[in-house]
Amino acid sequence: MKCDRCQNTAAYSRKYSGESLCSECFSNSILRKTARTISKYNMIQNGELVCVAVSGGKDSLALLHVLSKMAKNHNFRIHAVTIDEGIPGYRDEALDIVRDFCVRLGVEHTIYPYKDLFGLTLDESLKQNEDDRLSSCSICGTFRRRAMDHAAMQIGADIIATGHNLDDTLQTFVINTLSGDTNKIGWMDPDTSNNTLRKIKPFCEIYESEIVFYAFTNNLPFQTEPCPHTNEGIRTEIREFLNKLENSHSGIKNNMYRSVLKISQTMKDANHKEKIKCANCGAECTGKVCSVCKMIVDLRD
Ligand code: SF4
Ligand code: ZN
């Protein structure tokens, strides 16, 4: 079968649009889609430095690949950051992959270990949580968000870019809806223009399956080994359910994404709270103490 945009052999069939694309036209379409999302939400302004969060997984390496191409013809710069949680065996492989890839792309790269920032590796903090009051990923995720904010400030970045895709957004929306956590739905709005440090997700309008194909067709090296603490809980079931729906109703994820956007914008307006400073560390938060200080106290108790 021929590519619909040139005479090369088609390598990808985009069911929701009915297009057949060769590898090159497919990759160009991902670049164009990402550029459209960035421009639609004013994600990056002229002259800004973008801190790209690169874990070593397919999404973050694909994002780094796409943004490094864009940075060559646009007026912004990028700097890759990897957070080292201190998970023996697992993180080391990813760090090697990211280091080599950044050298290949000519992108500056810095590693920030939890141990340096919080005085504890993830494994050490999990030992203090032996009765499993908190899940590994909730401890790790809270530390990671703070570590990324710190890294971005250290390198003088204006924005943090992460590789979250459209499927991640839909799954998170369903999880928040099922758990009754409507406040969190308001945080899903891709417009973060009012935040001091903006968080952007340039792949938020792209299916996960397309990121996988982009990584594959561009020979991107990525870590396939899962984290030993991974506990996706209900997320895997939701992913499978949404993929099943998409298989029988092409484009249904795109439709759902548009609904999620409208709902999250409404929720954001409804639960807008004034930011105050954490009484302990001074970080911006919405309670008396921030989530990191609260977690450290909980782990000590
Ligand atoms: Fe951290 Fe959980 Fe990710 Fe492992 S799977 S790196 S524990 S958030
Ligand atoms: Zn083509």
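The values are calculated or read from the model by the stated rules, or taken from the named source; none is laboratory data. Computed from a predicted structure; not experimentally measured. Cβ sites come from the backbone with ideal geometry, for glycine too, and all protein chains shown count toward neighbours. Each accessible area value is taken on the protein alone, full model and side chains, heavy atoms only, with ligands, DNA and RNA left out. Shrake-Rupley method; radii C 1.70, N 1.55, O 1.52, S 1.80 Å.
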### Query
Ile160 versus (1) out of contact with any Cys (no Cβ under 9 Å at 6 or more places or on another chain); (2) more than 22 Å from Pro226 (Cα to Cα); (3) assigned to a strand (DSSP E or B): which is the lone unmet condition?
(1)
### Query
Looking at (1) open to solvent by 20 Å² or more (accessible area, probe 1.4 Å); (2) within 20 Å of Gln265 (Cα to Cα), which is the only condition Cys137 fails?
(2)
#### Entry: Qualifying residues in region 6-16 (those that are closer than 28 Å to Met256 by Cα and open to solvent by 60 Å² or more (accessible area, probe 1.4 Å)) - the one farthest from ligand 1 (Cβ to nearest atom)
Ser13
### Task
With the condition kept exactly as written, say whether any residue in region 21-33 is of a type outside the set (A, V, I, L, M), in contact with a helix residue (DSSP H, G or I) (Cβ under 7 Å, 6 or more places away or on another chain) and open to solvent by 60 Å² or more (accessible area, probe 1.4 Å).
no
### Message
Out of the residues in region 142-191 meeting the condition of being closer than 23 Å to Asp269 by Cβ and among the hydroxyl-bearing types (Ser, Thr, Tyr), tell me which one is least open to solvent (accessible area, probe 1.4 Å).
### Response
Thr169
#### Entry: Single residue of Thr217, Thr230, Thr224 found to be of a type in the set (Ser, Thr, Tyr), open to solvent by 40 Å² or more (accessible area, probe 1.4 Å) and either away from ligand 1 (no atom under 16 Å from the Cβ) or free of Cβ contacts under 8 Å to residues at least 24 places away in the same chain (or both)
Thr224
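Look at Ile206 and say whether it is part of a loop (DSSP other than H, G, I, E, B), among the hydrophobic types (A, V, I, L, M, F, W, C), in contact with a Lys or Arg (Cβ under 8 Å, 6 or more places away or on another chain) and away from ligand 1 (no atom under 16 Å from the Cβ). Lay out the reasoning, then the answer.
Details: part of a loop (DSSP other than H, G, I, E, B): yes; among the hydrophobic types (A, V, I, L, M, F, W, C): yes; in contact with a Lys or Arg (Cβ under 8 Å, 6 or more places away or on another chain): yes; away from ligand 1 (no atom under 16 Å from the Cβ): yes.
So Ile206 passes the test.
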### Query
Does at least one position in region 50-64 carry a residue that is more than 16 Å from ligand 1 (Cβ to nearest atom), without any contact (Cβ under 8 Å) to a residue 60 or more places away in the chain, outside any loop (DSSP other than H, G, I, E, B) and out of contact with any strand residue (DSSP E or B) (no Cβ under 7 Å at 6 or more places or on another chain)?
no
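Working only within region 70-110, note down all residues that are among the polar types (S, T, N, Q) and either part of a strand (DSSP E or B) or within 23 Å of His150 (Cα to Cα) (or both).
Thr82, Thr110, listed by residue number.
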## Note on the structure
If you go through Leu67, Leu117, the only one that is in a helix (DSSP H, G or I), away from ligand 2 (no atom under 16 Å from the Cβ) and in contact with a strand residue (DSSP E or B) (Cβ under 6 Å, 6 or more places away or on another chain) is Leu67
### Neighbours by Cβ (under 6 Å, 6+ apart or cross-chain): first from region 15-44, free of Cβ contacts under 8 Å to residues at least 24 places away in the same chain; second open to solvent by 40 Å² or more (accessible area, probe 1.4 Å) and charged (D, E, K, R)
Glu19/Asp4; Ser20/Asp4; Cys25/Arg5
## Note on the structure
Pairs returned, first residue in region 149-162 that is over 19 Å from Leu61 (Cα atoms), second residue that is among the charged types (D, E, K, R) and surrounded by fewer than 21 Cβ atoms within 10 Å (Cβ to Cβ), beta-carbon separation under 7 angstrom, 6 or more apart or interchain, are Asp158/Glu48
### Message
Suppose we filter Ile87, Ile97 for residues that are among the aliphatic types (A, V, I, L, M), touching a Gly at 6+ places or on another chain (Cβ under 8 Å) and closer than 22 Å to Thr224 by Cβ; which single one remains?
### Response
Ile97
### Message
Testing Leu197 on (1) open to solvent by less than 30 Å² (accessible area, probe 1.4 Å); (2) closer than 24 Å to Glu48 by Cα, one condition comes back false. Which one is that?
### Response
(1)
### Task
Could you check how many residues of region 40-66 are open to solvent by less than 10 Å² (accessible area, probe 1.4 Å) and either over 10 Å from the mean Cα position of the chain (by Cα) or at pLDDT below 95 (or both)?
8
